[in-house]
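As structure tokens, the structure follows; a few thoughts come after it.
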């Protein structure tokens, strides 16, 4: 791989992380400076070499000379300190940003769209400098009172105001970025509801020989039309994704081949586009995205994902009609079928690379999309479908962290070179060996964060997911245990209360706008309206890999109730880290299309889908199942119970005649792969 390409790829790593967070709010232009300090500083400005006008949002970095010691001549140099120009093109670096006794530094720009420059007027080949380039640059002293000026020229051809017509005459705004030549290129499309100017780092793909198009979705930012989330992006009456792909393929600057890329809402837009099956679509990179918007985003087993839906719609200023539509369709009906890619299994899907996280809010959507293309689409490309699952939340994609918990350094992965290799193979048509050598499945196996020899915390590869495993069952016992054999008593139940004025709070999990990840559950488990069932200490590690389901037999003294189930890993010190959680509603069984009448005080067997994981519970640890009638605001309160005048009583059956249990796959071979 060339130095130029290697440099360009690293900028994309940060863009994936940033776009995973874009579901929280619209990206805004800001003046980003280092914290205030009384230390000396370096000031400067960045302007256009062509017009002399200031350039905003240009990233500027700096390193001390000692950083270069021992590096190979062609080694990429990472900034020790970073900042971004403000709207006047100004930047500032302060001495406190650098470790040790530093008096002077190399300063350079690292923008994806411009030919970057280092202090002393040294032109850089890529977005980041290499050692030999900085060796010929000039250092800048902190005692220097003269501002540093960088004059940049574009590295790519950019058309900011492109308007693409849809079949109903509506025009959608787009930005086009091209390599600086007159040739036609394969195109990579990114469709976004967050503002196309927020996809700046992705535009570096044009440096790899692609035409890059970033488009504002219908009704968003500079695009015309009504902003109904994803409704017009699929295979209905309006098909904005299809129309955009085919319009791009017909342009002189495109060679007729189009790929797509993007995370979160941008990934959902890709899934909807795929269902319309535009013939020019040749490859997709789908990151942390729902495949069925009902099952993976709006509702979980028939229960509204309240914080996700309401916070996302309000924080991004969607038309209120969107929330009304979600609440108007609480069951899986024709409205949601038109937003469910699994209903389009007969479509000839393009090759795809899926990225997801075990604690991501769309974890099941990522796995659902992979399963669809790999196993359920006979006309698709099953051998050209790839899956990468890490330990991450929605906001910590590709980092060595999940939520607020620091993970071992191996949890962080740079997959961007593989993404470009994927596009080079399937979109560019290069014979680079990707299809022959790249693993079909890569997933991170989570484990204890305490103890050097604790099992888990490693990456593994597989031909498919989930792997073959032995199915295990643990029964909820009357004494609060979690055991392999059914309870002895034929008939036994315990009471569980629900107070709508004091619901059980959410603590971690697969969230979007509220704290996510494997949070400690002890404060929740101490509540009187939560019942816990805990196993004995494990005599050997237990690798759980695949889908986990709780079978809860329950009754309520009313006409409806929800049951929330949390599965946690209990450490020897008592810490109870969440692995998975789920919820189910008595009145709306799978497939969530037709409600049923709940007879008071009658027992019903309720399956609760907790989702998939890859997690080794260590020796000496325990498994715990915690039951409650709520998990708020992750899930909405049951509407029937929320209107009750006071507490409502549920009963959980623990007898041998009507047991409650936890079912999960144990993949023992995983212990041999560490």
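The values are calculated or read from the model by the stated rules, or taken from the named source; none is laboratory data. Quick caveat, the model's predicted, so the values are computed rather than measured. With ideal geometry, Cβ positions are generated from the backbone for all residues, glycine too; neighbour counts draw on all protein chains shown.
Restrict the check to segment 593-600 and report whether at least one residue is buried (at least 17 other Cβ atoms within 10 Å of the Cβ) and either free of Cβ contacts under 8 Å to residues at least 24 places away in the same chain or outside any loop (DSSP other than H, G, I, E, B) (or both). Quick ask: steps written out before the conclusion?
Going residue by residue through segment 593-600, those that are buried (at least 17 other Cβ atoms within 10 Å of the Cβ) are 598.
Now drop any that are not either free of Cβ contacts under 8 Å to residues at least 24 places away in the same chain or outside any loop (DSSP other than H, G, I, E, B) (or both), which leaves none.
Checking segment 593-600: not a single residue is buried (at least 17 other Cβ atoms within 10 Å of the Cβ) and either free of Cβ contacts under 8 Å to residues at least 24 places away in the same chain or outside any loop (DSSP other than H, G, I, E, B) (or both).
How many residues are outside any strand (DSSP E or B), touching a strand residue (DSSP E or B) at 6+ places or on another chain (Cβ under 6 Å) and at pLDDT below 95 when one looks only at segment 639-657?
Looking only at that region, the number is 2.
When you scan segment 199-210, do you find a residue that is without any contact (Cβ under 8 Å) to a residue 40 or more places away in the chain and either at negative phi or over 24 Å from the mean Cα position of the chain (by Cα) (or both), even just one?
no
Run down 367, 308, 323, 372 and say which single residue is farther than 28 Å from residue 607 by Cβ, assigned to a helix (DSSP H, G or I) and assigned by TED's automatic domain parsing to the domain that holds residue 414.
Selected residue: 323, the only one of 367, 308, 323, 372 that is farther than 28 Å from residue 607 by Cβ, assigned to a helix (DSSP H, G or I) and assigned by TED's automatic domain parsing to the domain that holds residue 414.
Answer yes if at least one residue in segment 346-353 is touching a strand residue (DSSP E or B) at 6+ places or on another chain (Cβ under 6 Å), surrounded by 15 or more Cβ atoms within 10 Å (Cβ to Cβ) and under 27 Å from residue 615 (Cβ atoms), and no otherwise.
yes
Just one of the numbered conditions (1) within 15 Å of residue 353 (Cα to Cα); (2) touching a helix residue (DSSP H, G or I) at 6+ places or on another chain (Cβ under 6 Å) is not true of residue 402; which one?
Evaluating residue 402 over (1) within 15 Å of residue 353 (Cα to Cα); (2) touching a helix residue (DSSP H, G or I) at 6+ places or on another chain (Cβ under 6 Å) leaves (1) as the failure.
Could you check segment 323-338 and list, in sequence order, the residues that are buried (at least 17 other Cβ atoms within 10 Å of the Cβ) and either touching a strand residue (DSSP E or B) at 6+ places or on another chain (Cβ under 7 Å) or within 21 Å of residue 637 (Cβ to Cβ) (or both)?
Of everything in segment 323-338, those that are buried (at least 17 other Cβ atoms within 10 Å of the Cβ) and either touching a strand residue (DSSP E or B) at 6+ places or on another chain (Cβ under 7 Å) or within 21 Å of residue 637 (Cβ to Cβ) (or both) turn out to be 326, 330, 332.
Would you pick out the residues in segment 500-526 that are in contact (Cβ under 8 Å) with a residue 40 or more places away in the chain and either part of a strand (DSSP E or B) or surrounded by fewer than 18 Cβ atoms within 10 Å (Cβ to Cβ) (or both)?
Within segment 500-526, 505, 509, 514, 515, 517, 520, 522 meet the criteria.
Hey, any hits in segment 544-563 for a residue that's touching a helix residue (DSSP H, G or I) at 6+ places or on another chain (Cβ under 7 Å), assigned to a loop (DSSP other than H, G, I, E, B) and closer than 13 Å to residue 628 by Cβ?
Yes, segment 544-563 has at least one match.
Would you be able to tell me the number of residues in segment 622-635 that are surrounded by fewer than 22 Cβ atoms within 10 Å (Cβ to Cβ) and part of a loop (DSSP other than H, G, I, E, B)?
Qualifying residue count for the region: 1.
With 506, 534, 528 as the choices, which residue is modelled with pLDDT of 95 or more, in contact with a helix residue (DSSP H, G or I) (Cβ under 9 Å, 6 or more places away or on another chain) and either outside the structural domain of residue 356 (by TED's automatic domain parsing) or over 29 Å from residue 312 (Cα atoms) (or both)?
After applying the criteria, what remains is 506.
Yes or no: segment 258-276 includes at least one residue that is more than 25 Å from residue 516 (Cα to Cα) and either outside the structural domain of residue 185 (by TED's automatic domain parsing) or without any contact (Cβ under 8 Å) to a residue 60 or more places away in the chain (or both).
Checking segment 258-276: at least one residue is more than 25 Å from residue 516 (Cα to Cα) and either outside the structural domain of residue 185 (by TED's automatic domain parsing) or without any contact (Cβ under 8 Å) to a residue 60 or more places away in the chain (or both).
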